[in-house]
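The values are calculated or read from the model by the stated rules, or taken from the named source; none is laboratory data. None of these values were measured; they are calculated from a predicted model. Counting neighbours? That spans all protein chains shown, and the Cβs are built from the backbone with ideal geometry, glycine included. Accessible surface is based on the protein model in full, side chains and every heavy atom, while ligands, DNA and RNA are left aside. Shrake-Rupley method; radii C 1.70, N 1.55, O 1.52, S 1.80 Å.
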Amino acid sequence: MNILFVNSTRGWGGVKTWSIDMARALAGLGHETALVGRPGPFVDKARKLGIRAEAHDFGLDFNPASIAFFLKLYRKLETDVVICNISKGLRTAGAAARLAGIPVVHRLGSPGDVSNRLKTRLTQRLLRPGLIACSEYVRQKLLVSVPMYQDYPFEAIFPGTAINSVPPDSVNAPRVIVATSQLNPDKKHIHLLEALAALMRDGYDFRCIIAGTGRDEAMLKRACGDMGLDGRVEWTGFVTEVAVQLRRADIFVLPTGCEPLGIALEEAMANGLVPVSRNIGGPTEIWHPGHTDLLVDPKGGGPEFRDVLARLLDMPDNDLLALKREFHAHAGRTFSLDGQAKRLAAWLGRFIADRGGRRKA
């Protein structure tokens, strides 16, 4: 198959990581893949990794110039299927695909990606895309919030991530905690800082790496200083090689209130880190079933994260290393990138072959 990924988002989030990783994995399975995105780090990184990538500004919905750009590109690439990530992509690349008779897939990463409004319904009826969710949690939420999705092919496929081929073989002294989510309000990094401040007051020795940028960055850095954590916390800013930061750590924290799935969580387990997250949403689908005690109550805050982290910091080195290895092995069994790429390729093959046979909305 010739598969084109279209990503019109502006910031760097999990969906960009997914697009690049999946394009590489599908290419490894013998498919032709390419990407289109806004000029900047996304396109630059794809090209650096050897993926064909085109920079495009998209413009307004149903913009004739954008549609013409994609029609020309589809002919050039002999595209078989187009995968879009947000509505802007659907209303440019998706519209062009519809005109060219090419199947369109809308990949949904969160229950909040779309709402049941007239524009959504008209776009769905016009383009008739197949649907992919990053988790069963997201799929079920969207089937309720957008009822017409029940009439379209809709599959839940984990994003998948590359599994570090080398199992963890050491524990840091002092232990290192890391968080790699965007520094936005919904990610609730303030709860992590509160937990770290409590641990410091209780005499625990640790270091913490916080990677990424976002709207809360300035506020969080001020709070970090106010809590006396400046000597314990390292702020890396934006990084393109997240795995480099993960390999410096032992424990990964995902403090988000409710995560659709969490590519950052997958990446952490794939690199042999012990994760701590909330017991809600997509993370529970990929969690190691034997270690649900590391899931914090959904309504918990700093104190609850502090208690779980304290237990991990109290562990003897051998026990923590064994736990790191357990999560690493679980990642390989549950959401390896190659495994999820095979699932996606099989689903796309069926969708392309059967695109005229689905029920009409």
Taking the dipole about the Cα centre of the chain, with the C-beta of Lys and Arg at +1 and of Asp and Glu at -1, give me whichever of Tyr137, Met1, Ala195 is farthest to the positive side.
-> Met1
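Note the full-extension length gain between Asn318 and Arg343 as 0.36 nm times their separation in residues minus their Cα-Cα distance, in nm to one decimal. Walk me through the numbers on the way to the answer.
Working: separation 25, 0.36 × 25 = 9.00 nm, distance 3.61 nm.
Answer, rounded to one decimal: 5.4 nm.
Rounded to the nearest 5, what % of the DSSP beta bridges within the chain are antiparallel ones?
Working: 0 of 42 bridges.
So the antiparallel bridges amount to about 0 percent of the total.
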Sketch the reach of a paramagnetic label on Lys48 as a point 7 Å from Cα along Cα-to-Cβ, and name the residues of the range 21-42 whose backbone nitrogen lies under 18 Å away.
-> 21-25, 35-42
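Taking every pair of distinct Cα atoms and averaging 1/r, then inverting, what Kirkwood hydrodynamic radius in Å comes out for the chain? Walk me through the numbers before you get to the answer.
Values: mean 1/r = 0.0469 Å⁻¹.
Evaluated over the chain, this radius sits at 21.3 Å.
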Which net charge results when you count Lys and Arg as +1 and Asp and Glu as -1 among the other residues whose beta-carbon is under 11 Å from that of Ala162?
-> -3
Given a 1.4 Å probe and the protein chains all in place, what does the accessible area of Thr213 round to, in Å² to the nearest 10?
-> 60 Å²
Roughly how many percent of the accessible protein surface of the chain is carbon and sulfur, given a 1.4 Å probe and a whole-percent answer?
-> 50 percent
For the range 68-86, list residues with backbone N below 12 Å from a point placed 7 Å from the Cα of Glu32 toward its Cβ?
-> 74-81
Relative contact order computed over the range 127-275 (Cα-Cα under 8 Å; 6+ residues apart), in percent = 30 percent
Cα-projected label distance for Asn172 with Val244, points at 7 Å along beta-carbon direction, nm | 1.5 nm
For the chain, built as a Gaussian network whose Cα springs stay under 10 Å, the top-fluctuating residue of Val81, Val15, Val244 = Val244
Once you've got the GNM for the chain with C-alpha springs shorter than 10 Å, pick whichever of Arg38, Arg107, Arg215 has the biggest mean-square fluctuation.
-> Arg215
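Multiplying the sequence separation of Asp151 and Asp226 by 0.36 nm and subtracting their Cα-Cα distance, what value in nm do you get?
Numbers: separation 75, 0.36 × 75 = 27.00 nm, distance 5.26 nm.
Full-extension gain reported as 21.7 nm.
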Projecting the Cα atoms of Leu265, Leu71, Leu337 onto the charge dipole of the chain, where Lys and Arg contribute +1 and Asp and Glu -1 at Cβ, the residue farthest towards the positive end is Leu71
Stretched out fully, how many nm does the piece from Asn63 to Ser165 gain, at 0.36 nm a residue minus the Cα gap?
-> 32.2 nm
Where a ≥ b ≥ c are the square roots of the eigenvalues of the C-alpha gyration tensor, would you call the range 79-215 rounded, which needs a/c under 1.5, or, failing that, prolate if a/b is larger than b/c, or oblate?
-> prolate
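When a/c is below 1.5 the answer is rounded, else prolate if a/b is larger than b/c, else oblate, so apply that to the range 175-335 with a ≥ b ≥ c taken from the square roots of the Cα gyration tensor eigenvalues.
Working: a/c = 1.42, a/b = 1.25, b/c = 1.13.
Rounded.
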Excluding ligands, DNA and RNA, what is the solvent-accessible area per residue of the chain at a probe of 1.4 Å, expressed in Å²?
-> 42 Å²
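Run lengths n ≥ 4 of DSSP H only: what is the helix-derived mean residue ellipticity at 222 nm for the chain, with -39500 (n - 2.57) per run over all residues, to the nearest 500?
Working: 14 runs with 151 residues, N = 361.
The helix contribution divided over the chain gives -12500 deg cm²/dmol.
Could you please put Lys76, Lys221 in sequence from largest to smallest accessible area, using a 1.4 Å probe? Before the final figure, lay out each step's value.
On the way: Lys76 140, Lys221 85 Å².
Accessible-area ranking of Lys76, Lys221, largest first: Lys76, Lys221.
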